[in-house]
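Derivation of every value follows stated rules applied to the coordinates shown; laboratory data play no part. Predicted model only: the values in this text are computed from it and were never measured. Backbone-built Cβ (ideal geometry, glycine too); neighbour counts: all protein chains shown.
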Amino acid sequence: MRRRVFLGGQAVSLLGDGLALLAVPLLVLRLTRDPLLAGLAAAPRGVGYLLVGVPAGALVDRWNAWTVLVAADVVRAVVFAALPVMAWTGAASLPVVLGLAFVAGIATVFFDAALGVSLKDLFANEGLLRANAVMETSAQLAVVGGPAVVAFLAATAGVETALLLNAATFVFSCVSLFAVARVRTNNFERQGAGAGFVRGILEGMRFLGTCRPLMAVTAVQVVVNLCLAVDTLIVYLGRVTLGLPMHAIAALVAADGVGGVVGAMTAGSIARWLGAMGAVTVGIVGVGTALAAMGMVSDARGLVAANAVQGAAVTVASVVNRSARQAWIPRELMGRVTTAIRSLVIAVTPLGAALAGVASHAFGNDPRPVFVAAGVCAAGTVLIGWVLVLRRLPPPPL
């Protein structure tokens, strides 16, 4: 029962993340009408990882992970309750809104790190894959449904109401965590509290560098994420290059989330059929194939279908890879190793987006050859990794 309460609370919390994807940028657009600043407001989580990712993981490993979860939910609830109040009272200036958004993003980094630890506490290794599949399904549904809810509320009751709903999701998550915490007191001892902070970070880096399975899948993940950054040009590809109407662009964006839901629901079955690394490899080959197809299709149906396949494939690879990582990493190192990997992976995304933009410009502002090249690179990287390393890795106990 406590596991269901935990997963249910986190599903609602993930809905809050989905609501924030559109609610905060809409508030910033109302204040500035600047698309660049609105885009920045939509990426507080990524900025948070770049700012505090590695130290956040080390701190979570020293602290009580469940307390960190509750504290992060409280911070995010306060932030998203404060934003509409300031908007109603006329106190919502741009620096304050962006500052609060980044505070929420940093709280999310701590929450993510503590969540990995708590999942390992609450679920045996054999249950991690199912738990991560449920979490990812909720996340993908939130990505699809969250912006739609915000758009409806913004048009009817105002964006402030959407922000209050966002705050309520984190309150609900916090309550569910308290309910679970009452039966998890034996797991509340602090881990690694005697270790020095810097030494703790170095210990996590050392484990990552010496754990062959983690190094192999992380290296592949970094290269693949570099290739996946071309996906930032998908709206440009559809709207400008192919001249698709807005309703087709909306379907294109939604297709990724729909595919993600399918991928999350089937990840466990695929991993049991092919093994963990086999599922990751097949997923990334699917991602590469979908990216290459995006560069070759010429109509809306083809592009929407390719994006749905990509969403499903990347989710399968992500769910299985995350579960394997949680099984391989010792509980006392979970926070710092997980955030180190995420920070590394997130750091290459803006680099990949910049490279994709430059390459598209070199082809006369045509991103189609770049999509094909990125797809071939992603699929080729994981296939080489499979031949050289991945197929020989010990299977995680999933």
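Comparing V85, V337, V370, which has the greatest mean-square fluctuation in the GNM of the chain with Cα pairs linked when under 10 Å apart?
Taking springs between Cα atoms under 10 Å, the residue moving most is V85.
Relative contact order for segment 200-392: what is it in percent, counting Cα pairs under 8 Å that are at least 6 residues apart?
37
Let me see the pair-distance distribution of the chain: every alpha carbon pair, 10 Å bin width, integer percents in order.
Per 10 Å bin, starting at zero, the Cα-Cα P(r) for the chain comes out as 5, 22, 33, 28, 11, 1, 0 percent.
Determine the gain in length on full extension of the stretch A179-F363; use 0.36 nm per residue of separation and subtract their C-alpha separation, reporting nm with one decimal.
Between A179 and F363, full extension yields 60.6 nm more.
I need the Debye-formula profile for segment 2-188: one equal scatterer per C-alpha, no solvent, reported as log10 I(q)/I(0) at q = 0.17 1/Å, two decimals.
-1.07
Would you mind working out the magnitude of the charge dipole of the chain relative to its Cα centre, with +1 at each Lys and Arg C-beta and -1 at each Asp and Glu C-beta, to the nearest 20 Debye?
Details: 27 positive and 16 negative charges, 175 e Å.
The dipole of the chain has a size of about 840 debye.
Sort 140-147, 317-324 by packing, meaning the average of other beta carbons within 10 Å per residue, with the highest value first.
317-324, 140-147
Over the chain, with a Gaussian network built from C-alpha contacts below 10 Å, which listed residue (G335, G243, G257) shows the highest mean-square fluctuation?
Highest fluctuation of the listed residues: G243.
Specify which residue in the list A155, G18, V74 is farthest towards the positive end of the charge dipole of segment 2-188, using unit charges on the beta carbon of Lys, Arg (+1) and Asp, Glu (-1), about the Cα centre.
V74
Could you work out the relative contact order of the chain, using alpha carbon pairs under 8 angstrom and six or more residues apart, expressed as a whole percent?
Over the chain, the number comes to 26 percent.
Order these peptides, 271-277, 363-369, 65-71, 344-350, by their mean beta-carbon neighbour count within 10 angstrom, highest first.
Ranked by mean Cβ neighbours within 10 Å, highest first: 65-71, 271-277, 344-350, 363-369.
Given the peptides 54-62, 354-362, 90-98, 5-13, arrange them by the average over their residues of other C-beta atoms within 10 Å, most packed first. Before the final figure, lay out each step's value.
Values: 54-62: 24.6, 354-362: 15.8, 90-98: 13.8, 5-13: 20.7.
Descending packing order for the listed peptides: 54-62, 5-13, 354-362, 90-98.
From the Cα gyration tensor of segment 74-120, with a ≥ b ≥ c the square roots of its eigenvalues, which class applies: rounded if a/c is under 1.5, or else prolate if a/b is larger than b/c, or else oblate?
Judged from the Cα gyration tensor, segment 74-120 comes out prolate (a/c at least 1.5, a/b above b/c).
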